[in-house]
Amino acid sequence: MIAIAPDAISSSRVTHPVTLIPGDGVGPEVVDAARRILEAAGAPLVFEEARAGASMFLAGVPSGVPAETIDSISRTRLVLKGPLETPVGFGEKSANVTLRKLFETYANVRPVRELPGVPTPFSGRGIDLVVVRENVEDLYAGIEHMQTPDVAQCLKLITRPGCERIVRFAFELARAEGRDKVACATKSNIMKMTEGMLKSVFEEIAPEYPEIEASHIIVDNCAHQLVKRPEQFGVIVTTNLNGDILSDLASGLVGGLGFAPSGNIGREAAIFEAVHGSAPKYAGKDVINPTAMILSAVMMLRHIGEFGLAAQVEGATLLTLAQGHTTRDVSGDANALSTTEFTNRIIENLGNAGAGAGAAREHAPVRAAFPRMALPVPVRADVGADVFVEWDEDVMLLGPMMEEAASGTPFALKMISNRGTKVYPPTGAMTDCVNQYRCRFIGRDGVAPSSDDVLTLLARVGARVRWMHVERLQTYDGEPAFTRAQGED
Ligand code: NAP
């Protein structure tokens, strides 16, 4: 860990310790550009340099995030970081996701707005939106299993507390930024319980913000509308995977990943980083666009209340772009400035009269801690169990075997599905079956099967086939708390 005390810091000001992670690929170049500008602007920051990502995986740290880095962030609670890679064959978890989850930075804020001097097919449309992506749940929890050699599973976990806080954060951000619209983008039409939870929580909370127009949009249409009429959006709140994709798409509308900053905000800590990755083909070539990283540093300055400095750095960056100074992603190779030259121009512009002109939507940090909603507790009843089994032969042989397994227990086999489609009793459907089946057992005559009953059933199933997963079936207030298979009545 190297502590770097910038000369420019005035001794009379409060200084903010920041964990600085250069990262992989182009990371050190863009982080260095941001740091040079912050130091030249006299930002009252004390950087603690820390490591994470590829070099740590290669050094044998399985998570890619060493204890010293975790210690540093625990102290500073503020991170400026470059992109991190997970090299193939080392570590199975992304060090980025690990950092976001370890510090519970649940709100990933990705502003997207038209920039001067960056012509795109959308120039002049007034794009100015923010994607608020849930950052620690969904498929990115990375809970994966090989259930059979042919079947991989990833659990999509969406929680009510997670939905409440990301929705409230999105509305609070809209309110703080004076935005009048929040759209919730989900795939609730297909995934009614997971994606649907975000939609229903959004609809419950929206009336608390009557001055903000709240709407729900199916995520695929959101992608379509973003390309067709991006200026219609203010804040878009969405689940983790949706947000990852939508925000990269949105960055493409205003010049690409070189211009997309982000903040990962939690109750206790915040991590600021460019949206882009390590772009390995450009590493060490001094050609990469550092704007995304610089604007991430601007977000960090605002987060710690350094509004004047934020406006100065942002203004100098926008002025530099408006003057036509750009890197190769905008100018092409012939007229491009190098990363270093572009950074130097921004530093020269820090004192310019025009600096500060571009600052927009300044506000105090958005509250990230919210009380839970008080909700009636549903009346729950156990009604059955789904047992997932491996089977390589015809389902017409599996069905009678599972019926026999259930005989003498409180369960009856209701149906068997393959990849979510009912295949037993046969429906006439033309499903290509793989070797993982879900056997749905329901309590006979309305009996509520106990935990011991499930264990007995599992033992009987296991004596006949290999089971790898069981899920208890419940009703909430008499309604099924599980979905039907396609073709199941
Ligand atoms: P990427 O590094 O973001 O690069 C994709 C493309 O985006 C580049 O080839 C380049 O496009 C453009 N690009 C990215 N950054 C740019 C910049 N600053 N200026 C101009 N253009 C830029 O995505 P990837 O190739 O899919 O991922 C590479 C590695 O980064 C992977 O290991 C991935 O896991 C990791 N990653 C890390 C993070 C993170 O740390 N937060 C995020 C995403 C990916 P052209 O080829 O058109 O020039």
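Remarks
- Residue match in the range 109-126 (condition: at positive phi and touching a residue at least 40 places away in the same chain (Cβ under 8 Å)): yes
- Residues that are surrounded by fewer than 21 Cβ atoms within 10 Å (Cβ to Cβ) and out of contact with any helix residue (DSSP H, G or I) (no Cβ under 8 Å at 6 or more places or on another chain), drawn from the range 308-340: G308, A311, A322, G324, R328, S331, G332, D333, A334, N335, S338
- Which numbered condition G428 misses (of (1) closer than 23 Å to V151 by Cα; (2) at pLDDT below 95): (1)
- Picking from residues in the range 321-344 that are touching a residue at least 60 places away in the same chain (Cβ under 8 Å) and part of a helix (DSSP H, G or I), the one that is nearest to the ligand (Cβ to nearest atom) is D329.
- Index of the failed condition, D248 passing every other in (1) farther than 28 Å from K199 by Cα; (2) within 10 Å of the ligand (Cβ to nearest atom); (3) surrounded by fewer than 24 Cβ atoms within 10 Å (Cβ to Cβ): (1)
- The range 269-281: number of residues that are more than 18 Å from the chain's Cα centre (by Cα) and in contact (Cβ under 8 Å) with a residue 60 or more places away in the chain: 2
- Just so you know, in the range 281-307 the residues that are among the small types (G, A, S) and over 15 Å from T343 (Cβ atoms) include one that is surrounded by the most Cβ atoms within 10 Å (Cβ to Cβ), and it is A283.
- Residue that is farthest from A270 (Cα to Cα), among those in the range 33-62 that are at pLDDT 95 or above, within 13 Å of the ligand (Cβ to nearest atom) and not in a loop (DSSP other than H, G, I, E, B): A33
- Tally of residues being more than 9 Å from the ligand (Cβ to nearest atom) and small (G, A, S) across the range 256-280: 4
- The conditions of being surrounded by 14 or more Cβ atoms within 10 Å (Cβ to Cβ) and under 17 Å from the mean Cα position of the chain (by Cα) are met by M197.
- Checking G284 against (1) within 16 Å of the ligand (Cβ to nearest atom); (2) in contact (Cβ under 8 Å) with a residue 60 or more places away in the chain; (3) over 23 Å from E48 (Cα atoms), the condition it does not meet: (3)
- The listed residues are V26, V31, V61, and the only one of them that is over 25 Å from T320 (Cβ atoms) and within 25 Å of the chain's Cα centre (by Cα) turns out to be V61.
- Residues (modelled with pLDDT of 90 or more and of a type in the set (V, I, T)) located in the range 67-99: T69, I70, I73, T76, V79, T98
- Within the range 63-88, being assigned to a loop (DSSP other than H, G, I, E, B), out of contact with any Phe, Trp or Tyr (no Cβ under 9 Å at 6 or more places or on another chain) and within 16 Å of the ligand (Cβ to nearest atom) holds for V65, G82, P83, L84, V88.
The values are calculated or read from the model by the stated rules, or taken from the named source; none is laboratory data. Quick caveat, the model's predicted, so the values are computed rather than measured. Reconstructed Cβ throughout: ideal geometry from the backbone, glycine too, with neighbour counts over all protein chains shown.
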